[in-house]
Structures are given as C-alpha cells and as structure tokens.
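> The structure is given below, and queries will be raised subsequently.
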Amino acid sequence: MKQLSRSFGGLRAVDDVSFNVEKNSITAVIGPNGAGKTTLFNLISGALAPDSGEAYIDGRPIHRLPPYRIARHGISRTFQNIKLFPHMTVLENVMIGRHIRSRSGFLSAMLRLPGSRAEEQQIQERSMEILALMGIEGIAGQEAGSLPFGKQRIVEFARALATEPSLLLLDEPAAGLNMYETAQVSELITKIRGRGVTVLVIEHDMSLVMNISDMIVVLSSGKKIAEGLPSDIQKNREVIRVYLGEDNA
Amino acid sequence: MNMKKYTPVFCLIGAAVIFQIITSVLNREFYLTQLTMSAYYCLVILGLTVLMGYAGQISLGHAAFFAMGGYTTAVLTTWNLAAAQEGTLARLVVQLGLSTASTNAYGVEIRHISPWVSLLVALAITVAVAFLIGIPILKLKGHYLAMATLGFGIIVYRIVLGSRIFGEADGISDLPPFRLFGPLYVSGDPALRVQNFYIAAFLVVLAVVLLQNLIDSRMGRALRSIHGSEEAANAMGVNTARYKLHVFVLSAVFACIAGVFLTHFNGGVGPSEADVMKSVTYVAIVAVGGMANLWGALAMGMALNYLSLRGYFGSYDEFVFGGILIVIMLFFPDGLLKKENMRSLTEAAIRMKNKIWKRKNELS
C-alpha cells in the first residue's frame, strides 16, 4: 500500500526509512527513545514536511500535501501527548472528526439552510454511533478537558476513527495507561482493524506490540534496523543490541 | 425549528421594544440615540467575539475596519455631484443611476452617490484589505498576532489622520441620510430616532442569529477546534489557515457594516473611530463579555458603550476600558461572563447568605 523513503533534518531524525504497510494489517513501529518514531508519523501525516523521499497511500502521492489534505486521503492520527479540543464536549470532539465527511460552508451554516441542518443531524448520529462503538456514549456531553487521562485517549481514538480513515496512525496509545486500560486499548485496536482499517502504531509496551501486530518495523537513531514478524524481531540480534545495549551480543 | 434556541432572541427583541416604549412614554427618546450608537458598536463586538472567543485569533485592529466602512461612505456620499457635473466621472455616476438626491440639514437639495453604492464599495475594500493583510498576519500566533494587528490599526489611523481626503483631524461631516427603502432612513434627524433605533436593533438581532447559527454548525466547531489545538484540527482535515482567514474577513465585514451605518447615523466620522484605543475597547468588551459568549459580549457591549457615550466615565474613559482589560487578563484570562465563573459567584453568594443567617441566629 505504501512505499516510504525519507531523510530529514540536519539531525537526520528519520534517515532514509522505507517500508510497506499491508492493507488491513496492524504494523508496529518500535525503537528506543529518540529513534525518530514520532517524527516519522509527523512526516506521514504532513505535520512536518520531508526533506526528501516519498509517501504513497493506495498508490497516490501524499508527501507534498499539507496535513488537512492528507486527512482527506484517509489518514488519521492520534498524538503522543493527547491533543483533544479541551473546551469542547466529547461528542463535539468526535463531530470534528466528521468534518471531512461533510460539506456545509459559512453561508449555509449562518442561514441554517435545510441541507446544512440535515447534514448536522447526520454528523451527530454518526458520531454517537462511534462513541457507542468505543463504549463511551455515556460521557458524550462532558467537556473533554475534564476527563481522566485514559478516557481522553479513547476519545482521541474515537475522533480519529470518525474521519473513516483507511490508515490510522496511533502514537503510543498505551502511554500512561495502567494494565487494565492497556488491555482495553489493545482490544479496541483489534476491533478497529476488524472494520477494515489499516493500523500503524508506535508503542513501547512490548507485550501489547507482540500481541497485536502482524508486522514490526524497528527504528534506531533514525534508521530502520529491522522489519519482520513479531517472532523474528524478538530473535533479531541487532534489535536486542539497541534495546539492551549489549556490545558483544 | 427549535423554538427554545430562539428564546433569547425573542427576549432581545422584547427588550428593545420595551426600551423604546419606556423612553417614548417618559418623553426621553434622546436616550435612544446612544442606545442606537451602542448597538452599531455591538456589531463590531459580535464579529470580534467569533474571531477571538471562538476561533481564538486576537485582533487589535478592528477599529481600522470600522473606519474603512465609515470613511468610504463619508468620502463617497459627501462628493457633491451637482457641483462636479462637468467632470466625466461625476456624469458617469449620475448616468449609471448610482446617485440619489437628498436634502441636507440646511434644507438644500444635493445630489450624491447612493449610500447603497458606497456600502458595497466599502465592503469590497474591507474584504480586499482583510484578505491581503490576513494572509500573512494570521500565520502569527498569540502576542505576535496582537502586535501585527495593532500595527495595522496604527497605520490606518495615521493614514486617516494625515490625509486631506479624509479631513485630517477634523474628519468628514455633513453626510446625507442613508435611505434604506421607502420611508426608512439611517440618519441622526431627531424626528427619526425611533425608526433608527429599530434599524440598529434589527441589525444586531440579525447578527446574533447568523453568528449563533454559525457557531452551532460544522464551521463553528471547526473554528473552535482551531482554538483548542491547531495541530489536531489540521490532522482532522480542517483547513485551519483558510478558516482563520475567512472568519477574520467575516468579522471585518461586520465592523465595516457598523462603520457605514453609524457614520450615516452620526452624520460624520472622525479619526477617533480609527484610534487604536477604540480597538482596545472592543477587545476589552469581548473579554469582559466572556470571550466565547455572544450574549455576554452583546450585554456588556450595550451597557459599557452606553455608559461611555453618555459620558459617565468622563475623562477616565480610556482608563476604564484599559483597566477592565488588565483586570480581566490578570484574573479571568478566559473571559468574565462564563458558566464556571457564574457558578462560583452564585456559590460565594450562597455561602455569604448562610454566614449572615448563622450570625443572625447567634445574635438572637
């Protein structure tokens, strides 16, 4: 589905990384801190522009597009340090996810034309469905900023899912969650894949990674050092070396 | 249609009607003059509320857009076409039917460019300028955006103050009335006070309804999401740069319309309307009204402008609005009239009441 090759920055935060993500798979990106995982996500989602290299989704190039255009190509994401719209309700946050799936502009909104009202109804219904799918319809009316951390992650998930992405980028979805919440997240990711979404996930929690991913890409100092099935990665000497720092492994 | 949503609108209309009846019955219709002026200033404030409170983009240059409206119509409609009849441009204007005749305050009939035409020209200029300066400066955030808009405001102020065509420090006076249609005129004629009050009230009600609809829509959510997190909004497919620009232009249009109408109502316009302190006043009122609160901004806009125009603040006027802004920014950076603040205020009042009760019971 995608062929990626980028180098970036004087620091070479992401250095000539290429890999493919199979449709409807769960691919994990792992690596030590500072390996360039989040930078890689920012390049894919357009938050940062690449110095060189190309990215494609379903054969269409996306590497020169601004983030809002990339979102319209079916790529959605969550953030490592949650970025919800804190003063809006949970439902409103998820409704923003429907933005690219709806059309009314300034004028029709101000005049409340029938088309925009019908659309508004649809946005609301669809968003409630997604909240129900994530099991958080009970907090729809609460202000997002006032929720506990774990709940905020799930709202961010729901918001990303509301865009109906074909590729979902999850940046450390289990960071800061306890074991119970992590299990919940793992279940959600599998559920999302079950709906035909391709998932690319950055995660440090190895048991989560080994459990859910079909493929694993390992980055270290901006370079891809390994790629393969979870069972292979576990045995890979290079990976063990960068993780454990053994000089003579 | 959801009737509950429009209850406050009906209350607003009711309040306007009650004010008018009371002042007429008490033979105090002159109060309506300042209410009318306050209402026009509220148009600027409402537009600015959407820009600042909802989309989170500050502007310290909105007096400039108001002045663009006011000065454009002042320059165009005070151009005496009868005297300039031999000029080609003047003849062309008359032949195209863009002119109209009216009698000035001294009973002399004059021929001038129709205020409808000058309104359209003012809107075109404002939209063009707002787009042109909005594209570069809306890339800035926070203090830097405030500085850039402030700079823009100062430039416009100095241009107005230093140009012969804009009357320099004297401004432009003797504007003809703006005939809307039939017997409806925007004019400072004391005989037309009541209808002018209703024209202004109508525009305010219309603005509130339109902007409230906008806020409750897909677009409004997109604007609020920019305020919440620009990066996340972008990742969700919201074209943040474009929406910021559009809402900036929209609020400029509101300020321009207010400028055109108030200038015809006042019969003149002076450089003080373009003054940076005016912009600060608008921002202060949006802040004290609760930032993201159209109704709060409207209530505060009416009250504070009215008091200011009636001269209650005397020579402390600038001090009052500057002081309001400092206090709000120090203690209520998210705005004063907000649900949370109201709640804590009610709670404090209840605590106070309980204390007094207790004291009373102890005493007796």
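The values are calculated or read from the model by the stated rules, or taken from the named source; none is laboratory data. Since this is a predicted model, take the numbers as computed values, not measurements. Note that we place each Cβ from the backbone using ideal geometry, even for glycine, and neighbour counts take in every protein chain shown. Protein only, heavy atoms only, side chains kept; ligands, DNA and RNA dropped before computing areas. Shrake-Rupley method; radii C 1.70, N 1.55, O 1.52, S 1.80 Å.
> Looking at the stretch A:88-103, can you tell me whether even one residue there is crowded, with 20+ Cβ neighbours inside 10 Å, modelled with pLDDT under 90 and at the interface with chain B (Cβ under 7 Å from one of its Cβ atoms)?
Yes, some residue in the stretch A:88-103 is crowded, with 20+ Cβ neighbours inside 10 Å, modelled with pLDDT under 90 and at the interface with chain B (Cβ under 7 Å from one of its Cβ atoms).
> With respect to residue A:169, determine if the residue is more than 19 Å from residue B:230 (Cβ to Cβ) and more than 7 Å from chain B (Cβ to nearest Cβ).
When the stated conditions are applied, residue A:169 does not pass them.
> Name the residue, out of B:72, B:103, that is in contact with an Asp or Glu (Cβ under 6 Å, 6 or more places away or on another chain) and of a type in the set (S, T, N, Q).
B:103
> Then there's this: Can you tell me which condition residue B:41 does not meet? The list is (1) within 28 Å of residue B:269 (Cα to Cα); (2) of a type outside the set (A, V, I, L, M); (3) at pLDDT below 90, and all the others hold.
Residue B:41 satisfies all of (1) within 28 Å of residue B:269 (Cα to Cα); (2) of a type outside the set (A, V, I, L, M); (3) at pLDDT below 90 except (3).
> Would a scan of the stretch A:135-150 turn up a residue that is surrounded by 21 or more Cβ atoms within 10 Å (Cβ to Cβ) and either among the acidic types (Asp, Glu) or in a loop (DSSP other than H, G, I, E, B) (or both)?
Within the stretch A:135-150, not a single residue is surrounded by 21 or more Cβ atoms within 10 Å (Cβ to Cβ) and either among the acidic types (Asp, Glu) or in a loop (DSSP other than H, G, I, E, B) (or both).
> Just a yes or no: is a residue in the stretch B:347-361 open to solvent by less than 50 Å² (accessible area, probe 1.4 Å), among the aromatic types (Phe, Trp, Tyr), on the phi < 0 side of the Ramachandran plot and part of a helix (DSSP H, G or I)?
Within the stretch B:347-361, not a single residue is open to solvent by less than 50 Å² (accessible area, probe 1.4 Å), among the aromatic types (Phe, Trp, Tyr), on the phi < 0 side of the Ramachandran plot and part of a helix (DSSP H, G or I).
> Now for a different question. In the stretch A:226-249, what residues are open to solvent by 80 Å² or more (accessible area, probe 1.4 Å), within 22 Å of residue A:173 (Cα to Cα) and among the aliphatic types (A, V, I, L, M)?
Of everything in the stretch A:226-249, just one residue is open to solvent by 80 Å² or more (accessible area, probe 1.4 Å), within 22 Å of residue A:173 (Cα to Cα) and among the aliphatic types (A, V, I, L, M), namely A:229.
> Let me ask you something else. For the stretch B:180-261, which helices (runs of 4 or more DSSP H) that fit wholly inside it have 3 or more residues that are more than 8 Å from every other protein chain (Cβ to nearest Cβ) and free of Cβ contacts under 8 Å to residues at least 60 places away in the same chain?
Hits in the stretch B:180-261: B:193-215.
> Of the residues that sit in the stretch B:101-114 and are among the polar types (S, T, N, Q) and open to solvent by less than 40 Å² (accessible area, probe 1.4 Å), which one is farthest from residue B:83 (Cα to Cα)?
B:114
> What single numbered condition from (1) more than 14 Å from every other protein chain (Cβ to nearest Cβ); (2) within 15 Å of the chain's Cα centre (by Cα); (3) not β-branched (Val, Ile, Thr) fails to hold for residue B:271?
Going through (1) more than 14 Å from every other protein chain (Cβ to nearest Cβ); (2) within 15 Å of the chain's Cα centre (by Cα); (3) not β-branched (Val, Ile, Thr) one by one, residue B:271 breaks only (2).
> Among the residues of the stretch A:181-225, write down those that are part of a strand (DSSP E or B) and either touching a His at 6+ places or on another chain (Cβ under 8 Å) or open to solvent by 10 Å² or more (accessible area, probe 1.4 Å) (or both). Outline the logic, then answer.
Going through the stretch A:181-225, the residues part of a strand (DSSP E or B) turn out to be A:198-202, A:215-220, A:223-225.
Within the stretch A:181-225, A:215, A:220, A:223, A:224, A:225 qualify.
Residue-by-condition table, conditions (1) closer than 21 Å to residue A:160 by Cβ; (2) at pLDDT below 90; (3) of a type in the set (Gly, Ala, Ser); (4) outside the structural domain of residue A:210 (by TED's automatic domain parsing):
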site	(1), (2), (3), (4)
A:5	no, yes, yes, no
A:17	no, yes, no, no
A:29	yes, no, no, no
A:55	yes, yes, yes, no
A:65	yes, no, no, no
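> Same structure, new question: Could you run through the stretch B:115-163 and say how many residues are open to solvent by 40 Å² or more (accessible area, probe 1.4 Å) and not hydrophobic (A, V, I, L, M, F, W, C)?
Counting residues in the stretch B:115-163 that are open to solvent by 40 Å² or more (accessible area, probe 1.4 Å) and not hydrophobic (A, V, I, L, M, F, W, C) gives 9.
> Considering (1) open to solvent by 10 Å² or more (accessible area, probe 1.4 Å); (2) in a loop (DSSP other than H, G, I, E, B); (3) at pLDDT 90 or above; (4) under 18 Å from residue A:165 (Cα atoms), say which one residue A:79 fails and leave the rest.
In the conditions (1) open to solvent by 10 Å² or more (accessible area, probe 1.4 Å); (2) in a loop (DSSP other than H, G, I, E, B); (3) at pLDDT 90 or above; (4) under 18 Å from residue A:165 (Cα atoms), residue A:79 misses (1) alone.
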